[in-house]
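Peer 1: Have a look at the structure that comes next, please.
The values are calculated or read from the model by the stated rules, or taken from the named source; none is laboratory data. Keep in mind the model is a prediction, meaning the values are calculated, not measured. Glycine also receives a Cβ, built like all others from the backbone with ideal geometry; neighbour counts cover every protein chain displayed. The accessibility values were calculated without ligands, DNA or RNA, using every heavy atom of the protein model including side chains. Shrake-Rupley method; radii C 1.70, N 1.55, O 1.52, S 1.80 Å.
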Amino acid sequence: MNEPTSLLWFGLFAVAAVAIVIDIVIHRRGEFSVSTKTALIETAGWVVLALLFDLWIFYARGKQASIQFLSGYLIEQSLSIDNIFLFLVIFRSFQLAPRAQHRILYYGVAGALVMRIAFVFAGVTLLDHFQPIVYVFGAILFVTAFRMLFPRREETASSWVVRAIGRFLPITENDDGRHFFLRENGKWRATSLFLALLTIEAVDVIFATDSIPAVLSVTRDAFIAYSSNVFAVLGLRAIYFVLSGILRRVRFLHQGLAAVLIFTGIKMVGSNYFSIPDTWSLAIIGGIFAITAAASLCWPAKQVETPQ
């Protein structure tokens, strides 16, 4: 018990690095167009890996840290699933082939891992040295929950990314779908693949402003907060290929996520006045998603739009 924090961080980065290398090797040997069956197997593998890591946390840090990790992982995983809606629209707007989508998701995951550690440490530092920031984080969660209660329009950040990049770098119209830049008439020009990558990275910054306050509502331990984010983000690519064709059938997904964010917002804002046990937090979050899934099965959407 109580293993040194440095050993835990080393173990986290080692496990993540080995898992990423194995995943890259497997997919370089196989097809880039991932089948639903393959994606389901990979998703199960990432979940099992997260649970095994949580067992290590239980051994090293105890029951409370283990429960906090599971709560953070569940919150981040659920918010990541909601973000897949936007990924679908981004890839469709750039008309990217499955192979290109696979590649962009890899880069997107790598960028998210780097950005999340900065967000986590910044959030923990603010909470430690400026207590009123809990009200700001709580407000972010409440605003995000409010937005989720209303249908989203099918639009992305792609348009403003294209305009912004176009001011500094010419954009080619002759796109081969395989390179980030092409040389035309002696000048380097950005392709739709590069624009899609920048869009994914830009929206992940927006995602982090929602997910980091949510996970910090259940733990202010930087290691627990970041590690739960790491394992949720690592499995995002596989989950994307599982859910890309069926996600819209989860009719009450946004309402369920809104309820979770409202709960975490209340937990964060009220942390100075009352305490909700970690086991209760995990039970409430899990219960909300169970009700969301059951309601979606009992009252399915009348029409299902299949992404092109």
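Peer 1: Being under 30 Å from L193 (Cβ atoms) and at pLDDT 80 or above narrows it down to one of G138, G111, so name that one.
Peer 2: Matching residue, one of G138, G111: G111.
Peer 1: How many of the residues making up the stretch 272-289 are in contact (Cβ under 8 Å) with a residue 60 or more places away in the chain and open to solvent by 50 Å² or more (accessible area, probe 1.4 Å)?
Peer 2: Final tally of qualifying residues: 2.
Peer 1: Out of L40, L79, L51, which single residue is open to solvent by 70 Å² or more (accessible area, probe 1.4 Å), in a helix (DSSP H, G or I), modelled with pLDDT under 85 and of a type outside the set (D, E)?
Peer 2: Matching residue, one of L40, L79, L51: L40.
Peer 1: Give all pairs with beta carbons closer than 8 Å in which a residue from the stretch 104-130 that is farther than 19 Å from I206 by Cβ and in contact (Cβ under 8 Å) with a residue 40 or more places away in the chain meets a residue that is of a type in the set (D, E, K, R) and surrounded by fewer than 19 Cβ atoms within 10 Å (Cβ to Cβ); count only pairs at least 6 apart in sequence or on separate chains.
Peer 2: Close Cβ pairs satisfying both conditions: V124/R220; L127/R220; D128/R220.
Peer 1: Do the conditions hold for A65, that is, is it crowded, with 22+ Cβ neighbours inside 10 Å, in contact (Cβ under 8 Å) with a residue 12 or more places away in the chain and assigned to a helix (DSSP H, G or I)?
Peer 2: Spelling it out, it is not the case that A65 is crowded, with 22+ Cβ neighbours inside 10 Å, in contact (Cβ under 8 Å) with a residue 12 or more places away in the chain and assigned to a helix (DSSP H, G or I).
Peer 1: Just a yes or no: is a residue in the stretch 1-16 in a loop (DSSP other than H, G, I, E, B) and either at pLDDT 70 or above or open to solvent by 90 Å² or more (accessible area, probe 1.4 Å) (or both)?
Peer 2: Yes - at least one qualifying residue is present in the stretch 1-16.
Peer 1: Further question on the same structure: Of everything in the stretch 101-138, what is of a type in the set (V, I, T) and over 18 Å from the mean Cα position of the chain (by Cα)? Give them in sequence order.
Peer 2: Passing the criteria: V124, T125, I133, V134, V136.
Peer 1: Can you confirm whether L70 is open to solvent by 10 Å² or more (accessible area, probe 1.4 Å), part of a loop (DSSP other than H, G, I, E, B), in contact (Cβ under 8 Å) with a residue 24 or more places away in the chain and hydrophobic (A, V, I, L, M, F, W, C)?
Peer 2: In short, no.
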